[in-house]
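Enquirer: Have a look at the structure that comes next, please.
The values are calculated or read from the model by the stated rules, or taken from the named source; none is laboratory data. This structure is a prediction, so every number in the text was calculated from the model and none was measured. Ideal geometry is used to build each Cβ from the backbone, glycine not excepted, and the neighbour counts take in all protein chains shown.
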Amino acid sequence: MKKAHGIVAATIIAVVSLALGAVAWAHGSGRSINERLSGFEETPALSTPGHGEFRATVDKSAQEIHYRLTFNDLESDVTQAHIHFENATNSGAIVVFLCTNLGNGPVGTQACPAGGGTITGTIGPADVTDLAAAQGIAAGEFQEFVRAIRAGATYVNVHTVDRAPGEIRAQLGDHDHSRRH
């Protein structure tokens, strides 16, 4: 009998935790993103020793995303990294610059560690570019950008000298986080 009560209690706790997580996401209080980047998610897919991780916390009410991007073992030097707007099967427009070594980002865009490493930062409305305006995300539209992340319609991409379209990538959003490359 005690075992049955324990199972019921554990089930109730799990359901309440899931419900609270959904409420937290809807209200923007600390939604976490944790994705692994690999060449297998590029379009077309690539076999590369490069890998990375993108971690972020979305705070819709403060209109901020605090992020950390780590990448290593790439085949050539990093040129830039962005968040793009598009589904998993296509390449899309840049919504946010994370770093660049090409001098093509908005004022204040940090340099990428060319040989691999970690960058951190905060994304706010001023960081949302107008490059995806034709697709419906205009400059400064932070809430629309967050909706696109939640829908799985954005991806992080790390571009390199030898792989200008991108060497490693990860789709962001609500999907199965158990996959590992």
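Enquirer: For the range 57-77, enumerate the residues that are assigned to a strand (DSSP E or B) and without any contact (Cβ under 8 Å) to a residue 60 or more places away in the chain. If you could, list the steps in order and put the result at the bottom.
Expert: Kept after step one, since they are assigned to a strand (DSSP E or B), are these residues of the range 57-77: 57-59, 64-72.
Residues satisfying the conditions are 57, 59, 66, 67, 68, 70, 72.
Enquirer: Name the residues in the range 106-135 that are crowded, with 17+ Cβ neighbours inside 10 Å and under 14 Å from residue 84 (Cα atoms), would you?
Expert: 123, 127, 128, 129, 131, 132
Enquirer: If you check 56, 26, which single one turns out to be touching a Lys or Arg at 6+ places or on another chain (Cβ under 9 Å), among the small types (Gly, Ala, Ser) and modelled with pLDDT under 95?
Expert: 26
Enquirer: Against the condition closer than 13 Å to residue 128 by Cα, of a type in the set (Val, Ile, Thr) and either surrounded by 19 or more Cβ atoms within 10 Å (Cβ to Cβ) or at pLDDT 95 or above (or both), how does residue 146 come out, does it pass?
Expert: Yes; evaluated as a whole, the condition is true for this residue.
Enquirer: Every residue in the range 67-79 that is of a type outside the set (Phe, Trp, Tyr) and surrounded by fewer than 23 Cβ atoms within 10 Å (Cβ to Cβ), please. Even if it seems obvious, please write down each step before you answer.
Expert: To start, the set of residues in the range 67-79 that are of a type outside the set (Phe, Trp, Tyr) comprises 68-70, 72-79.
The answer is 68, 70, 72, 73, 75, 76, 77, 79.
Enquirer: Report, by residue number, each residue of the range 149-160 that is surrounded by fewer than 20 Cβ atoms within 10 Å (Cβ to Cβ) and either out of contact with any Lys or Arg (no Cβ under 9 Å at 6 or more places or on another chain) or among the polar types (S, T, N, Q) (or both).
Expert: Those that are surrounded by fewer than 20 Cβ atoms within 10 Å (Cβ to Cβ) and either out of contact with any Lys or Arg (no Cβ under 9 Å at 6 or more places or on another chain) or among the polar types (S, T, N, Q) (or both): 151, 152.
Enquirer: Also, I was wondering about something else. Looking at residue 85, is it in contact with a Gly (Cβ under 8 Å, 6 or more places away or on another chain), among the aromatic types (Phe, Trp, Tyr), crowded, with 19+ Cβ neighbours inside 10 Å and free of Cβ contacts under 8 Å to residues at least 40 places away in the same chain?
Expert: no
Enquirer: Can I ask one more? Which residue pairs have Cβ atoms closer than 7 Å, lie 6 or more positions apart in sequence or on different chains, and pair a first residue in the range 115-132 that is touching a residue at least 24 places away in the same chain (Cβ under 8 Å) with a second residue that is assigned to a helix (DSSP H, G or I)?
Expert: Final answer for the pair search is 124/142; 125/142; 128/142; 128/145.
Enquirer: Okay, moving on. Could you check the range 74-125 and list, in sequence order, the residues that are touching an Asp or Glu at 6+ places or on another chain (Cβ under 8 Å) and aliphatic (A, V, I, L, M)?
Expert: 74, 88, 93, 96, 114, 123
Enquirer: Turning to a different aspect of this structure: Limited to the range 29-46, what total is found for residues that are modelled with pLDDT of 95 or more and in contact with a helix residue (DSSP H, G or I) (Cβ under 6 Å, 6 or more places away or on another chain)?
Expert: Looking only at that region, the number is 1.
Enquirer: Scan the range 120-140 and tell me whether some residue there is outside any strand (DSSP E or B), in contact with a His (Cβ under 9 Å, 6 or more places away or on another chain), closer than 22 Å to residue 35 by Cα and at pLDDT 95 or above.
Expert: No, the range 120-140 has no match at all.
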